[in-house]
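Novice: To start, I am sharing the structure in question, which I have written as structure tokens.
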Amino acid sequence: MSQRLLVVEDSKPIATVIKQIAQSLKFEVVVASNLAQVKSILATDTNFFAATIDYALPDANDGEAIAYVLSHGIPSLVMTGKMDDETRQKILAQPVIDYIPKENSQAFLYLKRILHWQQVNHNSTVLVVDDSSSARRHIVELLKRRNFTVVTANNGAEALERLKEHKNVKMVITDMEMPVMGGIELTNQIRRIYTREQLAVIGISGASNGIHSARFIKNGADDFLRKPFCPEEFYCRITQNIESLNNIAKIQHAANIDYLTELSNRRSFFNNAEKRIKEYTAKKVPYCLAIIDIDFFKKINDNYGHNIGDQVLKIIALYIRKHFGSGLTSRLAGAEFAVLLHGLDVDNLYIKLDDFRREIAVSNISAGEYSLSIELSIGVVFDSVEAISQQINEADNALHSAKENGRNQVVVYGAELED
């Protein structure tokens, strides 16, 4: 079921723009052009994810619609053509998500950002650390308006325990002066565990000495706020840091994931496989490294086109996830995939690979308008103590033997040398 947005706007052109923005974010939109219509709608239906509210309406010229919508528990963004300080203060005195001046097209770009973050912020957990219960409550309230998941701690030592309990914390907001462990030491401890790419830290302090911001930053914080802070500045700092973390995550994803199949790429596979192989070897866990290649893949591209070939690669990747979800999987290049598996014994691992090969061989792969028969050749090396690059070469040699001996089979490295 799609999320619903209430748009309260008397200007039809602006309402149309907001509606288009909301629909691009998959919102179902209900529009009201005055307070009377808002009251009529909310009398029977209050199931809205959020609302955008024009400050001045024909029958509510002084922001009356804001309080009315908020009284129904609907998180609200205020759109306003008024820019005087009195209006701003009146809006911010209410628990709104934000207000946006209708000055130019940037207002609508900002609106889209805010609506997007309202949809996804629940995936981001923020840890608030402050020994003052009133200060904690205030920050928690601000964060919950923006749909963040929030956990709290009374001091730095407790915060470190919370970080162990909540592995998905993306940001820590910490006061400076606290008993047991203060914010500066907490930040220092956090940076021993988490990089800036993994977790953001924002320091806060009510002290007037400007050196505190520098101390926080030098100990690993990403940002600093002085209490009492303006909610607008608070939200800007929070959003900026969360967006930065998400941008870094996107870059890392692009660097490590194959764009077509969403499996790990060659670089990522080598790095992660090396770590896992060390663990398997140390713990004497049976494992194997296999290279899988689609037989006669060039003919698929030549006969049906590269678009169909790409669809085949995606489908084979889905089968690989299905069969080897607990292992490490990758598209190395072209029609060649790699799998690193661990199991009970060598026979069990071999059976898993051969069962996968057999399922593909008897399946009709639907790609576009075509139903294709696909076969795979697999080369595998078991429990090798060689470096990952050497194991890849060994599995590749076994793969070539599978190709030379008729394809559609699993060949174990070493076995082909005994023939």
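Novice: Give T187, T152, T174 a once-over and let me know the one that is surrounded by 21 or more Cβ atoms within 10 Å (Cβ to Cβ), of a type in the set (V, I, T), touching a residue at least 24 places away in the same chain (Cβ under 8 Å) and not in a helix (DSSP H, G or I). Spell out the reasoning first.
Specialist: Details: T187 fails: not in a helix (DSSP H, G or I); T152 fails: surrounded by 21 or more Cβ atoms within 10 Å (Cβ to Cβ).
Within the list T187, T152, T174, the selection yields T174.
Novice: Out of the residues in the range 121-149 that are farther than 18 Å from P95 by Cα and surrounded by fewer than 16 Cβ atoms within 10 Å (Cβ to Cβ), which is nearest to the chain's Cα centre (by Cα)? Steps first, please.
Specialist: Pass one, the range 121-149, residues farther than 18 Å from P95 by Cα: 122-133.
Retained after the next criterion (residues that are surrounded by fewer than 16 Cβ atoms within 10 Å (Cβ to Cβ)): 122-123, 132-133.
Numbers: H122: 11, N123: 8, S132: 32, S133: 31 Å.
Among residues in the range 121-149 that are farther than 18 Å from P95 by Cα and surrounded by fewer than 16 Cβ atoms within 10 Å (Cβ to Cβ), the one nearest to the chain's Cα centre (by Cα) is N123.
Novice: If you take the residues of the range 232-258 that are surrounded by 15 or more Cβ atoms within 10 Å (Cβ to Cβ) and under 17 Å from L142 (Cβ atoms), which of them is nearest to the chain's Cα centre (by Cα)?
Specialist: Filtering the range 232-258 for residues that are surrounded by 15 or more Cβ atoms within 10 Å (Cβ to Cβ) and under 17 Å from L142 (Cβ atoms), the one nearest to the chain's Cα centre (by Cα) comes out as I242.
Novice: What tally of residues in the range 377-417 results from selecting those that are under 23 Å from D345 (Cα atoms) and assigned to a loop (DSSP other than H, G, I, E, B)?
Specialist: Looking only at that region, the number is 8.
Novice: Go through (1) more than 26 Å from the chain's Cα centre (by Cα); (2) modelled with pLDDT of 95 or more for A93 and report which single condition fails.
Specialist: Status for A93: all satisfied but (2).
Novice: Looking at M79, M83 in this structure, which one is modelled with pLDDT under 90 and either open to solvent by less than 10 Å² (accessible area, probe 1.4 Å) or in a loop (DSSP other than H, G, I, E, B) (or both)?
Specialist: Values: M79 fails: modelled with pLDDT under 90.
Of the residues listed, the single one that is modelled with pLDDT under 90 and either open to solvent by less than 10 Å² (accessible area, probe 1.4 Å) or in a loop (DSSP other than H, G, I, E, B) (or both) is M83.
Novice: Among the residues of the range 259-275, which ones are in contact (Cβ under 8 Å) with a residue 12 or more places away in the chain, more than 15 Å from the chain's Cα centre (by Cα) and open to solvent by 70 Å² or more (accessible area, probe 1.4 Å)? Even if it seems obvious, please write down each step before you answer.
Specialist: Taking the range 259-275 as the starting set, the residues that turn out to be in contact (Cβ under 8 Å) with a residue 12 or more places away in the chain are 260-270, 272-274.
Keeping just the survivors that are more than 15 Å from the chain's Cα centre (by Cα) gives 260-261, 263-270, 272-274.
Matches in the range 259-275: R266, R267, E274.
Novice: Say whether the condition of being touching a strand residue (DSSP E or B) at 6+ places or on another chain (Cβ under 9 Å), part of a helix (DSSP H, G or I) and open to solvent by less than 20 Å² (accessible area, probe 1.4 Å) is met by at least one residue in the range 366-376.
Specialist: Keep residues of the range 366-376 that are touching a strand residue (DSSP E or B) at 6+ places or on another chain (Cβ under 9 Å), which gives 366, 371-376.
If we keep only those that are part of a helix (DSSP H, G or I) too, we end up with none.
The answer is no, given that none of the residues of the range 366-376 is touching a strand residue (DSSP E or B) at 6+ places or on another chain (Cβ under 9 Å), part of a helix (DSSP H, G or I) and open to solvent by less than 20 Å² (accessible area, probe 1.4 Å).
Novice: Consider only pairs whose beta carbons are under 7 Å apart and that are at least six residues apart or on different chains; among these, list those whose first residue lies in the range 18-35 and is part of a helix (DSSP H, G or I) and buried (at least 20 other Cβ atoms within 10 Å of the Cβ) and whose second residue is at pLDDT 95 or above and acidic (D, E).
Specialist: Close Cβ pairs (under 7 Å, with a partner that is at pLDDT 95 or above and acidic (D, E)) amount to I18/E9; L35/D59; L35/E64.
Novice: Write out, first by first residue and then by second, each pair whose Cβ atoms fall under 8 Å of each other, whose residues are 6+ apart or on separate chains, and whose first residue, in the range 43-56, is more than 20 Å from A107 (Cβ to Cβ) while the second is in a loop (DSSP other than H, G, I, E, B).
Specialist: If the second residue must be in a loop (DSSP other than H, G, I, E, B), the pairs left are T46/H72; T46/G73; T46/I74; F48/I74; F49/Q3; F49/F27; F49/P75.
Novice: Exactly one condition in (1) at pLDDT 95 or above; (2) open to solvent by 20 Å² or more (accessible area, probe 1.4 Å) is false for V312; which is it?
Specialist: Against the list (1) at pLDDT 95 or above; (2) open to solvent by 20 Å² or more (accessible area, probe 1.4 Å), V312 comes up short only on (2).
Novice: For residues that are among the small types (G, A, S) and touching a strand residue (DSSP E or B) at 6+ places or on another chain (Cβ under 7 Å), scanning just the range 333-351, find the one that is surrounded by the most Cβ atoms within 10 Å (Cβ to Cβ). Let's see the steps before the verdict.
Specialist: Of the range 333-351, the ones among the small types (G, A, S) are 333-335, 338, 343.
If we keep only those that are touching a strand residue (DSSP E or B) at 6+ places or on another chain (Cβ under 7 Å) as well, we get 335, 338.
Values: A335: 21, A338: 26.
For the range 333-351, the residue satisfying everything is A338.
The values are calculated or read from the model by the stated rules, or taken from the named source; none is laboratory data. In this text, all values refer to a predicted model and were calculated from it rather than measured experimentally. Backbone-built Cβ (ideal geometry, glycine too); neighbour counts: all protein chains shown. Surface accessibility is based on the protein's heavy atoms, side chains included, excluding ligands, DNA and RNA. Shrake-Rupley method; radii C 1.70, N 1.55, O 1.52, S 1.80 Å.
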